[in-house]
1. Taking the condition of being open to solvent by less than 30 Å² (accessible area, probe 1.4 Å) and either within 30 Å of P171 (Cβ to Cβ) or in contact (Cβ under 8 Å) with a residue 40 or more places away in the chain (or both), how many residues in region 83-110 meet it?
2. Check D165, D136 and return the single one that is part of a loop (DSSP other than H, G, I, E, B) and either of a type in the set (D, E, K, R) or without any contact (Cβ under 8 Å) to a residue 24 or more places away in the chain (or both).
3. Scanning region 197-220 for residues that are in a strand (DSSP E or B) and in contact with a helix residue (DSSP H, G or I) (Cβ under 8 Å, 6 or more places away or on another chain), which turns out most open to solvent (accessible area, probe 1.4 Å)?
4. Inside region 1-86, counting only strands (runs of 3 or more DSSP E) that do not spill past its ends, which hold 2 or more residues that are closer than 30 Å to F232 by Cα and among the β-branched types (V, I, T)?
5. Kindly indicate which of Q113, Q119, Q184 is assigned to a strand (DSSP E or B), open to solvent by 60 Å² or more (accessible area, probe 1.4 Å) and on the phi < 0 side of the Ramachandran plot.
6. Could you list, ordered by first residue, the pairs with Cβ atoms under 8 Å in which the first is in region 221-233 and in a loop (DSSP other than H, G, I, E, B) and the second is of a type in the set (K, R), at least 6 apart or interchain?
7. Give just the number: which of (1) without any contact (Cβ under 8 Å) to a residue 40 or more places away in the chain; (2) more than 19 Å from A198 (Cβ to Cβ); (3) under 16 Å from the mean Cα position of the chain (by Cα) does Q8 not satisfy?
Amino acid sequence: MWQVAKYQPTTLFSLRPMNATTSGGKTLVTPTPFALKMALLDVAIRVYGLASGEAWFSRLRDLKIAARLPQYLMVNNTFVKILRPHKSGPKDLFGTGLEGPMGNTIAYRELVQFSGSLQLAFQDPGGMGEAPPLEDLLAQIHYLGKRGGFMQFQSVETVEEPGTDFTLLNPDSEMPFQVHGLLQVLDDCGRAMTFENANVYSGKSISVGRNNGRVAHPVILPYRMVRSSRSFTLYKRID
């Protein structure tokens, strides 16, 4: 059985790929399995407490996730002003006699605008550990991606299988893929990842490319580019 949740984006969405640097401005066009699982874990801890989040972590880590994005996606290209530490130490930029460690600079950013609702499907494969109340957790998610990418929860339903227009975001390596589409490299939780790896206060690091950390899944979404300029790129879903 799958739980299919429907969200209406209320702001622009942005989420850097897992291999991007802090100054990198490229964005993915969909939430990744890792981001969604961490969002569910965050809700579990905030609403039900730390002990519940730890008890449910193994089942959340192993969730299979599929997505159906809207018919159109627009990736907007822009430049924003950000703060960055001075390389040579604090400076007095304005002649006030006060030195500061941060300075202004310009950074490239991409933001995604969805033409409609975002549908996400989750399947709990079972196994060891206590089953989380997935429907309740999904209803408590209010943003995805970078902070400020707000989503309005609309509904959740239980189905036997998601529709054929859903794309599995963490597929097995032997699964077929669509030749014509939009390639995205999405991160997911490794099979050996523990709650201590996910807990930023535990002192344990989270590695990239290993089973106890974040692993990458190349996924081809059924979208093609229909228009582009220096300020935007428009994609349309391939039906």
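1. 2
2. D165
3. Among residues in region 197-220 that are in a strand (DSSP E or B) and in contact with a helix residue (DSSP H, G or I) (Cβ under 8 Å, 6 or more places away or on another chain), the one most open to solvent (accessible area, probe 1.4 Å) is R214.
4. 72-85
5. Q113
6. Close Cβ pairs satisfying both conditions: P222/R237.
7. (1)
The values are calculated or read from the model by the stated rules, or taken from the named source; none is laboratory data. All values reported here derive from a predicted model rather than from experimental measurement. Please note: Cβ atoms are built from the backbone with ideal geometry, for glycine as well, and neighbour counts cover all protein chains shown. The accessibility values were calculated without ligands, DNA or RNA, using every heavy atom of the protein model including side chains. Shrake-Rupley method; radii C 1.70, N 1.55, O 1.52, S 1.80 Å.
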